[in-house]
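Laboratory data are not the source of any read-out in this text; all were calculated from the coordinates shown. As the structure is a prediction and not an experimental result, all values here were calculated from the model. Ideal geometry is used to build each Cβ from the backbone, glycine not excepted, and the neighbour counts take in all protein chains shown.
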Amino acid sequence: MKPMHRIFLIILALVIGCGMTVPARTNACVGKTLVVGALDTPQQQVLANMLAILIGERTGTTVKVVPAASHAAAHEALLRADLDMYIEYTGIGQVQILGAAPIADQAALYKAVKERYNQELNLVWLEPFGFTDPKLAPSGTVAEAAPVVRKDTLKKFPALARLINKLGGTINQATMQKLEAGVSGGNAKDVARKFLKENRFI
C-alpha cells in the first residue's frame, strides 16, 4: 500500500471513530444557538424564559434570552436573523408592524397577522398562549400573545413548532397575572421553570 493511501485511511478511520463516539445528547447536528428576544417587562421576561427553558430541557439545544428595546426593534432583529423568535401581540403585529387596519374579532385578527407574516415576511405565528393584554392593544383590536419564529429556524429545527405549541392555550389571564407577580418579586427564569415543572412540560 502506498504511503499516501495509508495516511488517507488512517485519517478516515479517525474521523469515523470520532463521529461514533459523540454522545446522542450533545445534538451535534444542531450547530447553532437559538436566540429569543424579550422586552424588559415581567410578562415578556417570563414568557421568553419559558420558551428558552422548554427548548433547552427538551432538546438539549443552547438557547439565549437577549434584550429587545421595543416591539419594532425585536421585529427588525427577527428579520435580520439576529433573533430566532420573540413574543408578539396580535394587535401590535396588525397595526404597528404591518400598518394594517385594526380587527376587533380575536380569531380573525390572529388569522390575518399569521397569513401576512407568513406570506410577506417569512415569519410564523405559533399558537397563542391563551391570554390577552388589553394594555398593549391598539385602539380597535385585541392583544393576544404568541411566539413569532423565523421560518428558516423552523426548517432547521423541525420539531420546534410542535414543542412550543404545547404551551398554546395553557396560560389564562389569572395565570399570567400570577406569573408576572412572581417575576416582580423574584427571578423570571425561576418563575418560568416552576410553571413548566408544575405543568409537567419539563
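Modelling each spin label as a point 7 Å along the Cα-to-Cβ direction, I'd like the ASP152/GLN119 distance in nm, to one decimal.
A separation of 2.3 nm, rounded to one decimal place.
Kindly rank 35-48, 121-134, 58-71 from highest to lowest mean number of other beta carbons found within 10 Å of each residue.
Highest-to-lowest ranking by the protection proxy: 35-48, 121-134, 58-71.
How much length is gained on full extension from GLN106 to VAL66, taking 0.36 nm per residue of separation minus their Cα-Cα distance?
Length gained, GLN106 through VAL66: 11.5 nm.
Whole percent per 10 Å bin, from 0 to the bin with the longest distance: what is P(r) over all C-alpha pairs of region 31-198?
11, 43, 38, 9, 0
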